[in-house]
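Let me begin by presenting the structure, written as structure tokens, before commenting on it.
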Amino acid sequence: MPKVPAAKKIKATAKTTPIKKSAPAAKIGSPSAGLKIATFNANSIRARLGILLDWLKKENPDVLAVQETKVQDHEFPKEAIQAAGWNVIFHGQKSYNGVAFISKKPMTVIEKRLYPKDNEEQARFLVSEIDGVQLINTYIPQGFDIESEKYKYKLKFFADVKKYFDKNVSNDTPALWMGDLNVAPTEIDLNNPKGNKDHPCFHIDARNALADVMKGKWTDLFREKEKGPGHYTFWDMRQPQVFERNLGWRIDFILGTPPMVSRLQKIWIDTKPRGLEKPSDHTFLVGEFSR
């Protein structure tokens, strides 16, 4: 999520774009011939566990990818998730980062390290598979400031993710890359592009880094169905009334290889959880695919 030092907070304008209404949910437990995949930056899975479990019960996805779990593996609330009837795999660390897959069917970890030789690697990467579809869950570094080492690390992380995809994901592979990618790709993907041109989540180098990873392989599935502005997945909690005024960013994505583009049925942002008491600063993005 695009958090920045006090001197470089996200700049919001007085202009307000109405929050786009989410699509109606299917009835709980209703059978589906399709594949329903979602992503959510929880900003602490323990703090948001009630919201998460309620959403899972309501929307009944096949898989939910979670980022910023902010918990070590031995403290992950797997018992509560399993007691609600879900399977879960995860990769975490103390206080920061962390990724997980919550699913109807059991899933296995294919990869949880982008840098296998780095014992201090941050928990930002998790790969699994369901029903023949490869799933890559990433929490891309935010970057802090475009003059910082953290921003250089963000750009390097994108480059290394591209290397992983070049080696492990062909254009013919049914695959979804999802998560908080911490980049708004175009001016319509944030409320105030001019005021945030040097923000690490909108700076041209970050946008180009994401575009380079996507080129020739990954499609932004939300933009396959919705071309207009005002659709966001993140609203900064440190500024007043940003959610109510819809002063947000679209930085959470489900991207697909060509086989998944052709299977896409619909994709939508569920804004309602962001308006609940003690929410995450992000909300859920949901894609539905034919099998």
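Between ALA84 and any residue 5 or more places off or on another chain, the built amide H atoms are never under 5 Å apart.
For segment 122-207, the Stokes-Einstein estimate of translational diffusion at 20 °C and a viscosity of 1.002 mPa s comes to 152 µm²/s, using the Kirkwood hydrodynamic radius over alpha-carbon pairs. Collect residues whose amide H, placed 1.01 Å from N in the peptide plane, falls under 5 Å from the amide H of ILE254; neighbours closer than 5 in sequence don't count. For ILE254, the qualifying residues are LEU221, PHE222. Spherically averaged projected area of the convex hull of Cα atoms, segment 228-291: 5.1 nm². Amide H contacts for LEU35 (H built 1.01 Å from N in the peptide plane; partners 5 or more residues away or on another chain; cut-off under 5 Å): PHE289, SER290, ARG291.
Beta bridges assigned by DSSP with both partners in the chain are antiparallel in approximately 80 percent of cases.
Counting protein heavy atoms only, the chain has 52 percent of its accessible area on carbon and sulfur, 1.4 angstrom probe. Using a probe of 1.4 angstrom and keeping all protein chains present, the accessible surface of the chain works out to 44 square angstrom per residue. Computed from phi, the 3J(HN,Hα) profile of segment 74-82 under the Karplus parametrisation 6.51, -1.76, 1.60 (θ = phi - 60°) reads 6, 10, 5, x, 5, 4, 5, 5, 5 Hz, with x in place of Gly and Pro.
If you wrap the tightest convex hull around every Cα atom of the chain and split its volume per residue, you get 123 Å³.
Averaged over residues, the count of other Cβ atoms within 10 Å places the peptides 125-131, 110-116, 97-103 in the sequence 97-103, 125-131, 110-116, highest first. Under a no-solvent Debye model with one identical scatterer per Cα of segment 136-264, what's log10 I(q)/I(0) at q = 0.12, 0.15, 0.22 Å⁻¹? With no solvent term, the Cα-only Debye profile gives -0.46, -0.72, -1.37. Sorting the Cα pairs of segment 171-223 by distance into bins of 10 Å, from 0 upward, gives 22, 52, 22, 4 percent per bin.
In order along segment 158-170, the phi-based Karplus estimate (6.51 cos²θ - 1.76 cosθ + 1.60, θ = phi - 60°) of 3J(HN,Hα) comes to 4, 4, 6, 4, 4, 4, 4, 5, 4, 8, 10, 10, 7 Hz; Gly and Pro are listed as x.
The values are calculated or read from the model by the stated rules, or taken from the named source; none is laboratory data. Keep in mind that what you see is a predicted model, and the values were worked out from it rather than measured. Counting neighbours? That spans all protein chains shown, and the Cβs are built from the backbone with ideal geometry, glycine included. Heads up: the accessible areas ignore ligands, DNA and RNA and are worked out on the full protein's heavy atoms, side chains in. Shrake-Rupley method; radii C 1.70, N 1.55, O 1.52, S 1.80 Å.
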